[in-house]
Structures are given as C-alpha cells and as structure tokens.
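Okay, so here's the structure we're looking at.
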Amino acid sequence: MQHRFERLRERIASAALRYGRSLDSLGLIAISKSQPLAAMRALLQLGQRDFGENYLQEALPKLAALRDPQLTWHFTGQLQANKTREIAEHFQWVHTVDRERIAVRLNEQRPQHAPPLNVCIQVSLAAETGKGGIEASQLPELARRIGQLPRLRLRGLMCLPPPAEQFDQQRAAFERLAALLQLLREQSTGPNFQLDALSMGMSEDLEAAVAAGATWLRIGTALFGARPT
Ligand SMILES: *Cc1c(COP(=O)(O)O)cnc(C)c1O
C-alpha cells in the first residue's frame with residue numbers, strides 16, 4: 001500500500017510540475033469501492049483523508065467503521081432517488097448529480113445542522129450509455145436550478161470520459177469539461193455557486209486531467225491495486 005501510495009504521489013507531483021499546476025490545487029480521492037476496510041485503514045494511516053464510494057449499501061458500514069471527523073466522504077456512483085436521504089446525511093460531496101429531481105431531493109434531505117452539500121454535475125462528453133451524466137446543452141438549466149437550492153453548493157463538473165489510450169485524446173475530453181466550467185462561471189452568480197472544482201482523471205489518465213485543470217483526481221486501481229471481483 002505504502003509503495004503504491006508513494007508512486008502515485010510521485011506521478012501526481014511530476015504531472016503538476018510538467019503542467020505548471022500547484023500541488024495544493026490537486027485533491028486526491030481514494031476510490032475505495034469494493035476495497036476492504038483494512039486497505040482503507042492503511043491509507044488513512046498514510047495520511048489519506050478523502051475517500052470516494054460508489055454504492056451506498058457498501059459505503060454505510062465503512063463510514064461507520066472509519067468514523068473520523070478528519071475524513072471527507074465523496075459519493076461518486078450513480079444516484080438513485082431512493083438513496084438520496086442517506087447520501088445527503090452522510091457524505092460531504094456528491095460528484096454525480098445529473099438531474100433536477102435528484103438535486104431537489106438532496107437539498108430537502110440535507111440535515112439542517114450540516115453545512116450545504118457540495119455537488120458536482122456529471123457531464124456526459126460522448127454518447128456513452130450506462131455511465132450517467134447530462135449532455136452539455138442541458139448544463140446551464142440544471143446549474144441554474146441547483147443555484148436555487150440553498151442546501152446545496154454547486155462546486156463544479158465531473159466526467160467519466162470514454163476510455164482513450166492516447167494522451168491527446170484524453171486531454172481533449174478533459175479540456176472540454178474545463179471549458180464548460182469556464183462558461184458556467186461566466187453565467188452563474190449567487191451564493192450557492194462556488195465553481196472551483198473539476199472532478200476528472202483516474203488511474204489511467206490522471207496526467208491528462210492534471211494538464212487540463214483537474215482539481216479532484218479520483219483514483220482506485222493505482223492506489224489499491226486491481227479491485228477484487
Ligand atoms: C472506479 C471509479 C474511479 C477509479 O477508477 P480507477 O481506474 O480504478 O482509478 C474513478 N471514478 C469513478 C466514478 C469510478 O467509478
């Protein structure tokens with residue numbers, strides 16, 4: 001674990017250097033779906049504080065077991081309406097909002113004593129099926145609606161681009177997302193907007209994401225090794 005963690009940090013640091021990014025601007029989310037608690041505890045020991053989970057049923061016992069006020073929990077899986085209450089109660093970030101109905105529920109269900117829930121809108125960059133995300137053309141309207149929901153804070157955009165081997169292709173997809181965020185910044189004003197987050201980049205394409213302005217890298221395999229099946 002320690003070896004993979006250090007290697008990953010070196011990869012991130014050298015990409016940051018190459019593309020003129022400050023390390024402070026690059027958050028690392030350990031995507032721990034289907035990984036055991038022991039591996040998560042080992043990462044915690046190494047100083048990792050942000051964890052991402054995709055399945056609520058799997059996440060809740062992990063959150064309970066690792067209960068630690070220093071941890072930040074990110075929900076990075078597809079959202080179902082019947083799961084929003086527990087997500088709004090237990091997570092600090094939701095990266096995959098892609099429809100108004102889900103946003104409205106998260107807003108209503110966010111506990112009053114908690115700060116606003118940080119959300120990203122997931123954008124579908126190509127005609128992909130089964131990954132979720134809205135088309136870029138629908139983005140302004142959904143962002144405007146989320147801006148009216150006081151228990152949510154719209155932080156930015158997220159994507160899961162189609163797999164691409166070539167660096168230039170990877171980077172082009174991420175740059176599209178960055179351009180969409182820039183456009184949204186120009187269009188959006190109000191207290192519920194804090195458009196500073198680009199959630200993009202995974203084990204295979206993190207360098208391209210750093211080059212294009214990512215602020216949250218979501219890394220599973222490069223940290224934990226292959227997921228148990
Ligand atoms: C699984 C997953 C990741 C991590 O992918 P790796 O290739 O294992 O780094 C990142 N983001 C989301 C949304 C995922 O589902």
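The values are calculated or read from the model by the stated rules, or taken from the named source; none is laboratory data. This is a predicted model, so every value here is computed, not measured. Methodologically, a virtual Cβ is constructed for each residue, glycine included, from the backbone with ideal geometry; neighbour enumeration extends over all protein chains shown. For the accessible areas, the whole protein counts, side chains as well, though only heavy atoms, and no ligand, DNA or RNA atoms are used. Shrake-Rupley method; radii C 1.70, N 1.55, O 1.52, S 1.80 Å.
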Trypsin sites (Lys or Arg not before Pro) within segment 52-132: DSSP coil, no more than 13 neighbouring Cβ in 10 Å: Arg67
Mean shadow area of segment 25-67, taken as a quarter of the surface of its Cα convex hull (nm²): 3.1 nm²
Lysines whose Cα lies under 23 Å from that of Lys131, excluding same-chain neighbours fewer than 8 positions away: Lys33, Lys83
Sites matching GluC sites (Glu not before Pro) across segment 153-188 that sit in DSSP coil, with at most 13 neighbouring C-beta atoms within 10 Å: Glu165
Two-site label geometry, Thr72 and His3: point separation in nm, points 7 Å out along Cα→Cβ: 3.1 nm
Inter-probe distance in nm under a simple model that places probes 7 Å from Cα toward Cβ, at Glu89 and Thr189: 3.9 nm
Additional length obtainable on full extension of the chain from Ser137 to Gln45, 0.36 nm per residue less Cα span: 28.8 nm
Segment 25-144: C-alpha gyration tensor shape, a/c 1.5 cut-off, then a/b vs b/c: prolate
Contour minus Cα-Cα distance for Arg145 and Arg227 (0.36 nm per residue): 25.9 nm
³J(HN,Hα) computed for each position of segment 25-31 - Karplus, 6.51 cos²θ - 1.76 cosθ + 1.60, integer Hz, glycine/proline x: 8, 10, x, 10, 9, 7, 7
Under 5 Å, built H, 5+ apart or other chain: amide partners of Thr72: Asp50, Phe51
Whether segment 96-201 is rounded, prolate or oblate, judged on the alpha carbon gyration tensor where a/c under 1.5 counts as rounded: prolate
1.4 Å probe accessible area per residue over the chain, in Å²: 48 Å²
Equivalent ellipsoid semi-axes, the chain, via Cα gyration tensor eigenvalues times 5, rooted, Å: 25, 23, 16
Intensity falloff of segment 150-229 expressed as log10 I(q)/I(0), Debye formula with alpha-carbon point scatterers, at q = 0.26 Å⁻¹: -1.16
Full-stretch length increase - Ser25, Ala13 - with 0.36 nm per residue and alpha-carbon distance subtracted: 3.2 nm
